[in-house]
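Inspection log for the structure reproduced underneath, given as structure tokens.
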Protein chains: 4
Amino acid sequence: MHKIALLGAGFIGRFYAMSLLKYRGRDEVKIVCDSLPGQAEKFADEFGIPRWTEEMEKAVRDPEVDTVIIGIPNHLHKKAALLAAQAGKAVLCTKPLGLNGPEALEMLAAVEKAGVFHGYLEDLVYTPKTLKALAATQKGALGKVLWARSRETHGGPHSDWFWNKELSGGGAIVDMGCHCIEIARDFIGKGIRPAEVTCWADTQVHPIEAEDHAVGLVRYENGALGQFEVSWTFRGGMDLRDEVSGTEGTIWLNHWLRTGFEMFTGVGQGGYVAEKAEGDTGWLFPVGDEDGSLGYVEMFLDMFNTMDKGIQPMETFYDGYVVNCVIDASYKAARTKKWEPVEIEEWRGEKVIAEQSGLKDYDAAHFLVKEERMPDGMLKVILKDKQTGKISQKFQ
Amino acid sequence: MHKIALLGAGFIGRFYAMSLLKYRGRDEVKIVCDSLPGQAEKFADEFGIPRWTEEMEKAVRDPEVDTVIIGIPNHLHKKAALLAAQAGKAVLCTKPLGLNGPEALEMLAAVEKAGVFHGYLEDLVYTPKTLKALAATQKGALGKVLWARSRETHGGPHSDWFWNKELSGGGAIVDMGCHCIEIARDFIGKGIRPAEVTCWADTQVHPIEAEDHAVGLVRYENGALGQFEVSWTFRGGMDLRDEVSGTEGTIWLNHWLRTGFEMFTGVGQGGYVAEKAEGDTGWLFPVGDEDGSLGYVEMFLDMFNTMDKGIQPMETFYDGYVVNCVIDASYKAARTKKWEPVEIEEWRGEKVIAEQSGLKDYDAAHFLVKEERMPDGMLKVILKDKQTGKISQKFQ
Amino acid sequence: MHKIALLGAGFIGRFYAMSLLKYRGRDEVKIVCDSLPGQAEKFADEFGIPRWTEEMEKAVRDPEVDTVIIGIPNHLHKKAALLAAQAGKAVLCTKPLGLNGPEALEMLAAVEKAGVFHGYLEDLVYTPKTLKALAATQKGALGKVLWARSRETHGGPHSDWFWNKELSGGGAIVDMGCHCIEIARDFIGKGIRPAEVTCWADTQVHPIEAEDHAVGLVRYENGALGQFEVSWTFRGGMDLRDEVSGTEGTIWLNHWLRTGFEMFTGVGQGGYVAEKAEGDTGWLFPVGDEDGSLGYVEMFLDMFNTMDKGIQPMETFYDGYVVNCVIDASYKAARTKKWEPVEIEEWRGEKVIAEQSGLKDYDAAHFLVKEERMPDGMLKVILKDKQTGKISQKFQ
Amino acid sequence: MHKIALLGAGFIGRFYAMSLLKYRGRDEVKIVCDSLPGQAEKFADEFGIPRWTEEMEKAVRDPEVDTVIIGIPNHLHKKAALLAAQAGKAVLCTKPLGLNGPEALEMLAAVEKAGVFHGYLEDLVYTPKTLKALAATQKGALGKVLWARSRETHGGPHSDWFWNKELSGGGAIVDMGCHCIEIARDFIGKGIRPAEVTCWADTQVHPIEAEDHAVGLVRYENGALGQFEVSWTFRGGMDLRDEVSGTEGTIWLNHWLRTGFEMFTGVGQGGYVAEKAEGDTGWLFPVGDEDGSLGYVEMFLDMFNTMDKGIQPMETFYDGYVVNCVIDASYKAARTKKWEPVEIEEWRGEKVIAEQSGLKDYDAAHFLVKEERMPDGMLKVILKDKQTGKISQKFQ
């Protein structure tokens, strides 16, 4: 049973509070903090939180509190995390961890030096679909993962500070690319080093400095490719999908716009449909359990369950640091127009990637290139001669 | 915070325990009971439940317990509910409430006479999708509901007693029809009386006495139609879908086989895919959050939250009784090959159904029959003369 | 190469002309007829048809013409078919064949007596999806077909005469039920006699005499169930779906609203989206090849190819007659509130339906009721003792 | 009415013949040619083609023939096209046009110099879905196109020569990238110059020299991004999807694996399911009209209809040349690990791309950054001060 200080009473704070308080749970938010006058008080009132403040230090140092949840703008993450580490409290930080790799590294060093529990609140790897898909992948259902595409696009974030590069650290890449990068990394394997990145980023629509649309390709040391697609220019709601291809299988996840709930209404229903929905008449695609589908519920379960067990959660500050490094390389590649290496100061994963041979024997003299059932029902095999390299085909 | 006696350590008991215990919740299962030797002990051990027994009375009368959850075969529901009422405990009963209407009425009378909290564990109206769809419907998104189809089909239930008519009260209708009937009733409106039923039921495949496939049509007093489709003969997994049509809109819910998680695997993953899945290679459609998607989580939240507030839950024994009455009429109609009235001894809903006119004026002299955009882009209207009744069309 | 007289220059005539003329084909429409002044001339002009007339006789007796296509309101089908038979021309008639069974029987007798080629233009059994699904079913992919649901619902037909019971023969059942009945019959098997029907029909929304919404259940002699769902009250476009369940498999066809083309537009595109679409902004679901997807293209290919080969097409006047008989029984059942027999004067299919046993041996002493993989990975089998009938379970 | 020489009696030749001959059409294949002994004869026999040969020259110079269709391996395209141009015949060439840009340019020069009709058989831009989506896009339904992803992946091509770089010109990029590049180009606008490319390409699985998996990003001069994803390593069938995002809308096309035909079978159907399907039991996703869905039918209609009208088809050798140039840049970029310019010798599209401003006024002093409906039902707007650039938010 934990006592929580929640920093931030905005959009993400609301999702956190709903996820934490909904399930008749044992853990309690004891104090909420927001620097915007009146915001914290109103939030405390709504969610039945006993105390509120406008001062971050006060919340972090609240004597009853053992855990600090950081749900404030990106440029304040470091300050908050350092305060929490200093106070010896467990600290859970919203994505992205830092504004960039060096900042994230400083945060990692601080929590590790202080010896406090640290969790990286990467909610989208915690959706029930993603967890189940990861489990299947780890059990071998896909064979070796070759490619992982993760996509998050919508019409842009909710709060003004996101649109200001100084406060957020960037545009769509830093806002949503962090999710997509970590999702792909989870499927490919956390022990596999992300090696280099090429990236397209542009400001196509909005009157802002940062990119509102980007696509990046991340090559991992074992030859797998992670692909992130992020946009604040998307029309039609929020597109939240992952696709994973392996030597033995494929996974497609759709987290938002096509989840088995379809509604047509000619009159609307007077209000909110789903996060980032556009319009409230015509064909709509609401999501049944929004908090759960975004991973918030399972994320906090993992955080508090591992905290109780004295082990690390699935996502730590180290993971947040790696993600920041990939983001840094993405921005650099978008500028230099070249593949850029991912600079990770302290790589804790696998050091040597074993070469893997994909060669399948057909018989002693041939490799199998492929086999396929043809429209006339026959089975065609394509072979490569092991000696000559010559490719041939035959029907069976 | 409640202390629970769980009766039944089988398939449904497992889903209940997982839903109750997963979310770091305040409510606790204090004793589990199962008459099958060894079953309760093993279950208690697995879920960390302090006490177990093979005797129902002992579990119900456990002094620490304030709530009894009935998760045992249908023919034992009445006995358990009466015991719990007698002991003054809150009682939550798995669907169907009784083996038939009279039995359900007896159970209802018992809990009401004892003045205890009573909840009908109709999980499928509690899925997050269904709750949201019901809320949209109640806010008017569909206009007046005209038709509601609810379908549950799979390859048959898990335990032997389901297949024995004496123990279960029937076949697929009593097993799954109860879900479908109540879902349709929730969309059409709980205040609207189900008037009469026609039903087809047959034993198409299995070596059993009861029906393994049935379709029923339930006419409500306001003219709406509920349609249930249940089968133990379905191939391809578990098909769990609802469709609702109203004057202003449409809702389609797919709870299981198409929820946005699609996986192809050539090798399988060595184990369980999802409830009632067939096979573990090829294209598979796992469900992210099975417990949540089946409604168990929200169902218990509603039960305990309303218990704490001293109000009735969304589904009470009265609802279970109405469902049993519709099932009874369905079995009778399947035998008599006629529409049969639904006999509800004590109707607590709306007594008089206001006639509703669907007539829309086009102008002073005409009703509008329909309007439609044609392939050439023109708008065609079809009109009915208010005086002569003559139907005509024109382009606009 | 055929010379065609097309009777009817309305909505269906347009679909026919587009299907016949699109593919650089050899068959030609030589004359078009429509009694509405100006309509035929305009149509002839648009499609490059050399002659037009307002008189049916003139078109049918056109000396160059060898084939008459009937695309006029239902109450004129008989007159046109009899004229064509008299003139010794091949005759292809739009659904439904007659206003009712006796009328259809008269038409059937006329074409058979005259010895002319006769085709029943039941386009929806000719969609490429349906043809392929039927082929798979006939090859055994579903085992024995147990249940076939066919659904067609939308906001109501295009022309005024449909809404007038005297001209159309009824409401949604006669308009669309004919499709659904024949589709189910094709999957269950044309040789299997439709035995009896129960039916709900109501006028829920429109100011008309005929039903605008109906659901019917058709029991076939071999125990299979056909289910038709038709409505002129549906919101959201045109819902055109079939579902078929068999002992070994399942087929789901979606012909219209979910075919893999999804479009969101905030601004619309100034015009037609797809047949019976509602609105032109928001999420839209256009159909790529409308004519093909509705079966018109394959239908005419089959008609003219079989005509050239001197054999019967897939759908003849006899099929149209059987469908009319099922419709008649449906209307009667809706009135009498009982299952009503399907009265077919001359049954040409299988006379004796062999009893089929669905019993599967588990071992010498037991039938297998079912087997299922459980969440813990074990395989559970449920058995029935051949001697005692006792049902039991065990894990393997 | 045209007389055709078909070069190639392999997999693609079969699709062509089926598309050309199915619809009782006027155009006729008069001679078929294949260098593999016996292949042409067998093919001619199957499709009722009067003449066959093993010598390309003989087929091209057949005096009755006015049109040559090239359906042979890539390295023979140039020779065949030059022969046809020399003979003054119309020439239709399978994708890719040449092995590379210079070869394609030579072919383009030859047909233009000879003044013959030339069509580039890029079937996938001719699918009914794509044609309708392009029409909607051109009518403005998406606003300005910002991004177009086109994806074709499967388990690898049917014939041995595809796997041999010398004969095919490359791997998955040259085989399928040509489709994806042209589809994106069609959505973005054929007049917009493709400017530069970054590309990842690898041989992940097969024992071949060429790439079996690649992803490329093509930046167009107006700022739009085309994205191609091609793979011979995909598991689960053939994944053929396009996604297009614009300032006002979104289009998603699924051409193969999810088109509204879903089948589960426990027993299979003894044969072919659909092109590149894997396995024939479990959940399968057949395609109703394969030839039509791959665009072959509409492609040949356009070719012969435009030929008859004396105008250019939608896809000409010039388009094939541009695609080859993009492919060349992709291969170069994959090697140099930099964005590489697309070298088009003779650009015939728009020379100057007008800058487009995406700025929307909110009021005199502010640009609108975004507006969104929040969960509490309020409308939030985010604004940018035109003078100061400051970003702020308010609720309405």
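Okay, here's what the table says:
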{"item": "Members of region B:75-94 that are surrounded by fewer than 24 Cβ atoms within 10 Å (Cβ to Cβ) and either in contact with a His (Cβ under 6 Å, 6 or more places away or on another chain) or within 14 Å of residue B:170 (Cβ to Cβ) (or both)", "result": "B:75"}
{"item": "Residues (crowded, with 24+ Cβ neighbours inside 10 Å and either under 16 Å from the mean Cα position of the chain (by Cα) or within 14 Å of chain C (Cβ to nearest Cβ) (or both)) located in region A:240-252", "result": "A:240, A:242, A:244"}
{"item": "Enumerated helices (runs of 4 or more DSSP H) restricted to region A:1-91, each holding at least 1 residues that are over 18 Å from residue A:162 (Cα atoms) and within 25 Å of the chain's Cα centre (by Cα)", "result": "A:11-21, A:77-86"}
{"item": "Single residue of region C:202-228 satisfying the filter (facing chain B (nearest Cβ under 8 Å) and part of a strand (DSSP E or B)) that is farthest from residue C:335 (Cα to Cα)", "result": "C:225"}
{"item": "Index of the failed condition, residue D:55 passing every other in (1) surrounded by fewer than 16 Cβ atoms within 10 Å (Cβ to Cβ); (2) closer than 25 Å to residue C:24 by Cβ; (3) not small (Gly, Ala, Ser)", "result": "(2)"}
{"item": "Residue check, residue B:162 in contact with a Ser or Thr (Cβ under 8 Å, 6 or more places away or on another chain), of a type in the set (A, V, I, L, M, F, W, C) and within 14 Å of chain D (Cβ to nearest Cβ)", "result": "no"}
{"item": "Looking only at region B:253-289, and only at residues there that are under 25 Å from residue A:299 (Cα atoms) and under 16 Å from the mean Cα position of the chain (by Cα), the one that is nearest to the other protein chains (Cβ to nearest Cβ)", "result": "B:255"}
{"item": "Subset tally (residues that are at the interface with another protein chain (Cβ under 8 Å from one of its Cβ atoms) and small (Gly, Ala, Ser)) for region A:141-157", "result": "4"}
{"item": "Per-region count, region A:1-36, residues away from chain B (no Cβ under 13 Å) and aliphatic (A, V, I, L, M)", "result": "10"}
{"item": "Matching option when the condition is more than 10 Å from every other protein chain (Cβ to nearest Cβ) and either in contact (Cβ under 8 Å) with a residue 12 or more places away in the chain or surrounded by fewer than 20 Cβ atoms within 10 Å (Cβ to Cβ) (or both), among C:302, C:376, C:308", "result": "C:302"}
{"item": "Region C:109-141 - residue that is of a type in the set (A, V, I, L, M) and in contact with a Leu (Cβ under 8 Å, 6 or more places away or on another chain) and, of those, surrounded by the fewest Cβ atoms within 10 Å (Cβ to Cβ)", "result": "C:110"}
{"item": "Criterion (in contact with a helix residue (DSSP H, G or I) (Cβ under 6 Å, 6 or more places away or on another chain) and either in contact (Cβ under 8 Å) with a residue 12 or more places away in the chain or on the phi < 0 side of the Ramachandran plot (or both)) met by exactly one of B:119, B:143", "result": "B:119"}
{"item": "Test: residue in region A:161-176 that is among the hydrophobic types (A, V, I, L, M, F, W, C) and surrounded by fewer than 24 Cβ atoms within 10 Å (Cβ to Cβ)", "result": "yes"}
{"item": "For residue D:24: the one exception among (1) on the phi > 0 side of the Ramachandran plot; (2) crowded, with 21+ Cβ neighbours inside 10 Å; (3) not hydrophobic (A, V, I, L, M, F, W, C)", "result": "(2)"}
{"item": "Hits in region C:99-140 (condition: within 11 Å of chain D (Cβ to nearest Cβ), part of a loop (DSSP other than H, G, I, E, B) and at pLDDT 95 or above)", "result": "C:127"}
{"item": "Test result for residue A:307, assigned to a helix (DSSP H, G or I) and not basic (Lys, Arg)", "result": "yes"}
{"item": "All positions within region A:27-52 that are farther than 26 Å from residue A:306 by Cα and buried (at least 20 other Cβ atoms within 10 Å of the Cβ)", "result": "A:34, A:40, A:43, A:44, A:52"}
{"item": "Odd one out for residue B:274 among (1) assigned to a loop (DSSP other than H, G, I, E, B); (2) of a type in the set (A, V, I, L, M, F, W, C); (3) buried (at least 24 other Cβ atoms within 10 Å of the Cβ)", "result": "(3)"}
{"item": "Test result for residue A:250, touching a strand residue (DSSP E or B) at 6+ places or on another chain (Cβ under 9 Å) and assigned to a loop (DSSP other than H, G, I, E, B)", "result": "no"}
{"item": "Scope region D:277-289; condition free of Cβ contacts under 8 Å to residues at least 40 places away in the same chain and either closer than 20 Å to residue C:126 by Cα or buried (at least 22 other Cβ atoms within 10 Å of the Cβ) (or both); matching residues", "result": "D:283, D:284, D:286, D:287, D:288, D:289"}
{"item": "Filter result for the condition that a residue is part of a helix (DSSP H, G or I), out of contact with any Phe, Trp or Tyr (no Cβ under 9 Å at 6 or more places or on another chain), away from chain A (no Cβ under 14 Å) and hydroxyl-bearing (Ser, Thr, Tyr), over C:331, C:318", "result": "C:331"}
{"item": "Top-ranked residue of region C:340-379 - restricted to ones that are touching a helix residue (DSSP H, G or I) at 6+ places or on another chain (Cβ under 9 Å) and closer than 18 Å to residue B:232 by Cα, ranked as modelled with the highest pLDDT", "result": "C:369"}
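Okay, residues lined up against (1) closer than 18 Å to residue D:141 by Cβ; (2) in contact with a Leu (Cβ under 7 Å, 6 or more places away or on another chain):
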| site | (1), (2) |
| --- | --- |
| C:217 | no, yes |
| C:231 | no, no |
| C:239 | no, yes |
| C:243 | no, no |
| C:269 | yes, no |
| C:278 | yes, no |
| C:283 | yes, no |
| C:298 | no, yes |
| C:309 | no, no |
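The values are calculated or read from the model by the stated rules, or taken from the named source; none is laboratory data. From a predicted model like this one, the values you see are computed outputs, not experimental measurements. FYI the Cβ positions are ideal-geometry reconstructions off the backbone, even for glycines, and counts take in every protein chain you see.
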